[in-house]
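Data block below; observations after.
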Amino acid sequence: MEIPYTVKPRPDTGVYNAKIGIWLFLASEIMLFGALFSSYIILRITAPEGTWLEGVLNVPIGFGNTLVLIASSVTVVMAWASLKLNNYKAFQRYMIFTVLCALTFLLVKSFEYNEKFHHYEVWTTDETDNRFTGHFDKEWLSEQKAAYKARVAEMDAQYQAALSEWSSSDKSTDAPREPDYPKITFFTLTTAEIRDLSSFLGFDSVIFEKEHKHAYKYAGMPEVDDHAHHDEAGHEGDESHAEGGHGHHETLTIPVGNIKRASAFIPSHSTFFAIYFTLTGLHALHVFLGACVLAYFVFCNRRMWKEDPDRLANRVEVGGLFWHFVDLVWIFLFPVLYLL
Amino acid sequence: MAHDSTQTSTADHAHGEHDHHHEQNFWQKYIFSTDHKVIGIQYGIVSLLFLFLGFILISCMRWQLAYPGQPLPILGNLINDLYGGADGIMTPEIYNMFGAMHGNIMVFLAIVPLGFAAFGNYVVPLQIGAPDMAFPRLNMASFWLFFVGAILIFGSMFIPGGPAQAGWTSYSPLASSVPTNGQAYWLVGLVILIASSLLGAVNFIATIIQLRAPGMTWMKMPFFCWAQFVTAFLLLLAFPPLQVAGIMQLFDIVFDTSFFLPTGLIIGGQPAEISGGGSPVLWQHLFWFLAHPEVYVLILPAVGMVSEIITNNTRRPLWGYKTLIYAVMTLGFLSFIVWAHHMYLTGMGTVISTFFQTTTMIISIPSVIILTCLFLTLWGGSMRINTPMLFALAFLPMFGIGGLTGLPLGFSYSDLYLHDTYYVIAHFHYIVAPGTIFAFFAGIYYWFPKATGRYMSDYWGRVHFWLSLVFMNLIFMPMFLQGLAGMHRRMYDGGVTYAGTATPEEGVVGILTKYVEMNQTISIAAWCLGLSQIPFIINFFYSITNGKKVESPNPWKATTLDWQTPTPPPHGNFDGPIEVFNGPYEYSAPGTDDDFLPQNVKPSKGGDTTSAPSTEPVPAK
Ligand code: HEM
Ligand SMILES: [Cu+2]
């Protein structure tokens, strides 16, 4: 026996199988994102004073992305309607546009992410609670990277040489020990990595481009007064006055010993970024998978259009439902993360 | 052993009629099958295997509890090789690993897949008269995802550093600070398992809504299907929050986030290098939001099976069929709002505790209704006693004990004392072990003839039953006493350290020695319980090829559609279109020749055939 109601709706329930399936799946997705939103709320209201970030995200970009997704939600409906109206060409156009919107969204998101990965916050030990944002001096950083690579290569070469010498010897001595150096990727630097690197390469301060204006505000803390802050930073050590900022940056030389903590805006920076990356990352994954499925419908299901157009229309309808859901999640995400 | 198999339809016979099922090779037929029956059996085999493995783990732990610090026989050297330690002695770390894995394996890899996925897959489409599940390929994907997740979780036992050690509840920060990658493996495995169970849940619900045979209205659906239907909703809606929690805890481990890690956390005397600011209680909320509904996922399929078996063997309609349906639906709904009764000691505050205490008391009402209906079904019936029936009957009081002992746990003030003691262990094991597992045994003995065309031996079944019943109770009854005496549930040495140290003048109140000594009785009973499964295992494998052949496709003379197909059922399940005329439990209905009226047989006399029990004596088997 064939499985009934794969294409035609069952009379008493009024739906075909896949439609029930997708609604159920979306119900579980609501619980998924619902749980994440609830976690967001709980993390936010239980956050210890002065640890919750506000206003770190770029609102215009987020808003633009919102528009992109809304547009795609409209075109996905148009695509489905075109199929129902027997207009395959129009279906193709609308669907491709939808997929392009999805790709745009992802592209913008990845720029946003990348910007965060290279944006640092540094806490220094000081009589005042000092913290500031910015990034490592580009030149300084690439110098360190080159120095690190050179040292590592050198140590590896030494080890290889010692090893080959030892293996051609009578092996009466112990085998040479593997070189012991900190494994650092430079993708983003953590506090521990900075300390390791400083003792490995022998530098004792880092060069940091401090932003005049804070890129964020901590909930419950007074807005940082720029000028007062400027002065404090000046106190930090004689060197830190050194070169004034170019543009709206100020170059600081911070002794490694004074760094209490340094972190880029990555998940481990704070619970805000942790939940931000989790929420948006999971959403982006949905966008990506949704786009793949929609692209599959438009590029690989041509034959089905000829043989079983109803089935293709059903597929597109189900895919469209999923797509609406993905948009809807973003409609919640945007104000919660960017505006509140 | 003589029998005539004239009536026995076989799968081959049915295949002849359905040529459009193109030939399948071995792989398509038995490994990557999309047939719900094969998938059900696959789930069954894998989960029974895990049931066995979970049991091995706990048997090792029971040795340590009964004879703390003494070399573990047989497996001692093996665990030393794997996890360190010497002389076959179980170290505290190993004890923790085994404890965590016992819980994880039993809940996620044994009971849920066995009850929901194995029995559900095999029986539900048959009972509703469907040719297969609504999405056969998703069904296959669901099984293979389960398999991969299971391998990850079980495989973590063999990685350097060993598996997770923080209990099946994996509370943070403990879970993310144990020095092993096992926790991460468990989390990844869990996320995959949840994906699998979501596919399964969607499939079950869609199947039940869409593929009921013509005439199979909601109120003619066997209660087992109802139970599975509600279970599927629990899985669908309760599991995603745990998936989220799993991802978040994984990030805590892999990306050093602080979702569940508070500010100022000290690990091993060192301040942890984390941002802090997270909430350990959040993990508990997310976990129990799943894990309470999960306990109903463990029990509802069992209740469904027991109902089928009891009605079949008392030859009476299910008492309060509709009441039962409303009760499970209520139960399903309420199970979402009781979770924090596991968290009274987290300092949530009295208002929240009171709320959850109230909902917990309310949820015991539908539970009692279910039990009452099942007991009343027995009333005045002339029972046919066979192995499935014995297990099903034993389920009722065991479930009763488990449920009633939950009430003191549900009240926040008595739970302050009982929380995390052996009392809790006894409570839920009464429900899951002599409860759910007995129901599964009943189900295996009952549907075995359907799947294989042969009976399992009734004699050895009874041996298996009585031994299991005795040892189960010898294991878990003393645990109530231990718990009431204050024995903590996670003590590595079974409480020896505190034994007899009852020196009230110093303010130390220990555990009386007699409660600690019970550990030995319990452990011996546990190993005996293991041995009692040998008759079952032999019976199971022996009967596949050598059991007594069934006399007809419907050997139990059952009314439901699963028995109105050839035995074993062919691909596609039914020989032809099937239509339903009757309710699911038309036993002893007046006006029928036999004492039962299958759902798909048009009643000979028009009139009302519902529920009035027959006055005639019912032929015993
Ligand atoms: C209606 C009756 C029930 C009530 C009132 C009840 C209540 C409770 C409460 C309050 C706890 C927490 C105890 C503590 O940790 O201090 C608990 C634990 C537990 N219950 Fe129940 N329960 C009931 C039925 C069930 C059922 C049907 C199952 C199904 C298997 C079950 C399985 C469990 C499990 C597994 C735990 C222990 C979880 C853990 O801490 O590891 N309970 N129960
Ligand atoms: Cu509970």
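Selection within the stretch B:164-187: residues that are under 16 Å from B:ASP256 (Cα atoms), touching a residue at least 12 places away in the same chain (Cβ under 8 Å) and within 16 Å of ligand 1 (Cβ to nearest atom). The member of this set that is nearest to the other protein chains (Cβ to nearest Cβ) is B:SER172.
Residue check: B:ASN313 meets all listed conditions (1) away from every other protein chain (no Cβ under 11 Å); (2) free of Cβ contacts under 8 Å to residues at least 24 places away in the same chain but one, namely (2). Quick check on B:PHE224: is it more than 11 Å from chain A (Cβ to nearest Cβ), touching a residue at least 40 places away in the same chain (Cβ under 8 Å) and either under 26 Å from B:GLY332 (Cα atoms) or in contact with a Ser or Thr (Cβ under 7 Å, 6 or more places away or on another chain) (or both)? It is true that B:PHE224 is more than 11 Å from chain A (Cβ to nearest Cβ), touching a residue at least 40 places away in the same chain (Cβ under 8 Å) and either under 26 Å from B:GLY332 (Cα atoms) or in contact with a Ser or Thr (Cβ under 7 Å, 6 or more places away or on another chain) (or both). How many residues, within the stretch B:198-221, are at the interface with chain A (Cβ under 8 Å from one of its Cβ atoms) and either at positive phi or part of a helix (DSSP H, G or I) (or both)? Final tally of qualifying residues: 8. The listed residues are A:ILE96, A:ILE70, and the only one of them that is surrounded by fewer than 16 Cβ atoms within 10 Å (Cβ to Cβ), in contact (Cβ under 8 Å) with a residue 12 or more places away in the chain and in contact with a helix residue (DSSP H, G or I) (Cβ under 7 Å, 6 or more places away or on another chain) turns out to be A:ILE70. Of everything in the stretch B:572-581 that is buried (at least 20 other Cβ atoms within 10 Å of the Cβ) and on the phi < 0 side of the Ramachandran plot, the residue that is farthest from the other protein chains (Cβ to nearest Cβ) is B:VAL580.
Quickly run through the stretch A:17-59 and pick out the residues that are facing another protein chain (nearest Cβ under 8 Å) and part of a loop (DSSP other than H, G, I, E, B). A:THR46, A:ALA47, A:PRO48, A:THR51, A:TRP52 - these are the residues of the stretch A:17-59 that are facing another protein chain (nearest Cβ under 8 Å) and part of a loop (DSSP other than H, G, I, E, B).
Condition test on B:TRP288, is it in contact with a His (Cβ under 7 Å, 6 or more places away or on another chain) and at pLDDT 95 or above?
Yes; evaluated as a whole, the condition is true for this residue.
Restricting attention to the stretch B:405-425, the residues that are within 15 Å of ligand 2 (Cβ to nearest atom) and either touching a Lys or Arg at 6+ places or on another chain (Cβ under 9 Å) or not hydroxyl-bearing (Ser, Thr, Tyr) (or both) total 13.
Has the stretch B:298-309 got at least one residue that is charged (D, E, K, R), outside any helix (DSSP H, G or I) and more than 14 Å from ligand 2 (Cβ to nearest atom)? For the stretch B:298-309, residues charged (D, E, K, R), outside any helix (DSSP H, G or I) and more than 14 Å from ligand 2 (Cβ to nearest atom): absent.
In summary, no helices (runs of 4 or more DSSP H) completely within the stretch A:246-340 bear 3 or more residues that are touching a Pro at 6+ places or on another chain (Cβ under 6 Å) and farther than 18 Å from A:GLU112 by Cα. Against the numbered list (1) near ligand 1 (Cβ under 9 Å from one of its atoms); (2) surrounded by 19 or more Cβ atoms within 10 Å (Cβ to Cβ); (3) more than 23 Å from B:THR372 (Cα to Cα); (4) not aliphatic (A, V, I, L, M), B:ASP420 comes up short only at (2). Among the candidates B:TRP447, B:TRP460, B:TRP466, the residue that is modelled with pLDDT of 95 or more, crowded, with 21+ Cβ neighbours inside 10 Å and part of a helix (DSSP H, G or I) is uniquely B:TRP447. A single member of B:GLY103, B:GLY69 is away from ligand 2 (no atom under 16 Å from the Cβ), surrounded by fewer than 23 Cβ atoms within 10 Å (Cβ to Cβ) and either within 21 Å of B:ARG489 (Cα to Cα) or of a type in the set (S, T, N, Q) (or both), and it is B:GLY69. Restricting attention to the stretch B:397-408 and to residues that are crowded, with 22+ Cβ neighbours inside 10 Å and either more than 8 Å from ligand 1 (Cβ to nearest atom) or not small (Gly, Ala, Ser) (or both), the residue that is farthest from B:PRO434 (Cα to Cα) turns out to be B:PHE399.
Here B:TYR344, B:TYR321, B:TYR326 are screened, and the one residue that is away from chain A (no Cβ under 14 Å) and within 16 Å of ligand 1 (Cβ to nearest atom) is B:TYR344. Of all the residues in the stretch B:127-142, those that are surrounded by fewer than 24 Cβ atoms within 10 Å (Cβ to Cβ) and part of a helix (DSSP H, G or I) number 5.
Checking each residue in the stretch B:481-490 for being outside any loop (DSSP other than H, G, I, E, B) and surrounded by fewer than 19 Cβ atoms within 10 Å (Cβ to Cβ) picks out B:LEU481, B:LEU484, B:HIS488.
One residue stands out in the stretch B:248-271 among those that are aliphatic (A, V, I, L, M) and assigned to a loop (DSSP other than H, G, I, E, B): the one that is nearest to the other protein chains (Cβ to nearest Cβ), namely B:LEU261. Of the numbered criteria (1) away from ligand 2 (no atom under 16 Å from the Cβ); (2) within 27 Å of the chain's Cα centre (by Cα), the one B:LEU265 fails is (2). Scoring A:PHE117 on the criteria (1) modelled with pLDDT of 95 or more; (2) surrounded by fewer than 16 Cβ atoms within 10 Å (Cβ to Cβ); (3) not polar (S, T, N, Q) leaves a single failure, condition (1).
Checked against the criterion of being under 20 Å from A:LEU32 (Cα atoms) and within 12 Å of ligand 1 (Cβ to nearest atom), the stretch B:257-279 has no qualifying residue.
Let me confirm something: among A:LEU312, A:LEU321, A:LEU328, A:LEU294, which residue is under 21 Å from A:TRP23 (Cα atoms) and free of Cβ contacts under 8 Å to residues at least 12 places away in the same chain?
A:LEU328
Residues that are surrounded by 15 or more Cβ atoms within 10 Å (Cβ to Cβ) and touching an Asp or Glu at 6+ places or on another chain (Cβ under 7 Å) were ranked within the stretch A:166-190; the one that is farthest from the other protein chains (Cβ to nearest Cβ) is A:PRO179.
Yes or no, residue by residue, for (1) near ligand 1 (Cβ under 10 Å from one of its atoms); (2) over 30 Å from B:TYR459 (Cβ atoms):
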site: B:GLY349; (1), (2): no, yes
site: B:THR360; (1), (2): yes, yes
site: B:ILE363; (1), (2): yes, yes
site: B:VAL368; (1), (2): yes, yes
site: B:THR377; (1), (2): no, no
site: B:GLY381; (1), (2): no, no
site: B:ARG384; (1), (2): no, no
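The values are calculated or read from the model by the stated rules, or taken from the named source; none is laboratory data. All figures in this text were calculated on a predicted structure; none of them were measured in a lab. Cβ coordinates were reconstructed from backbone atoms using ideal geometry, including for glycine residues, and neighbour counts include every protein chain displayed.
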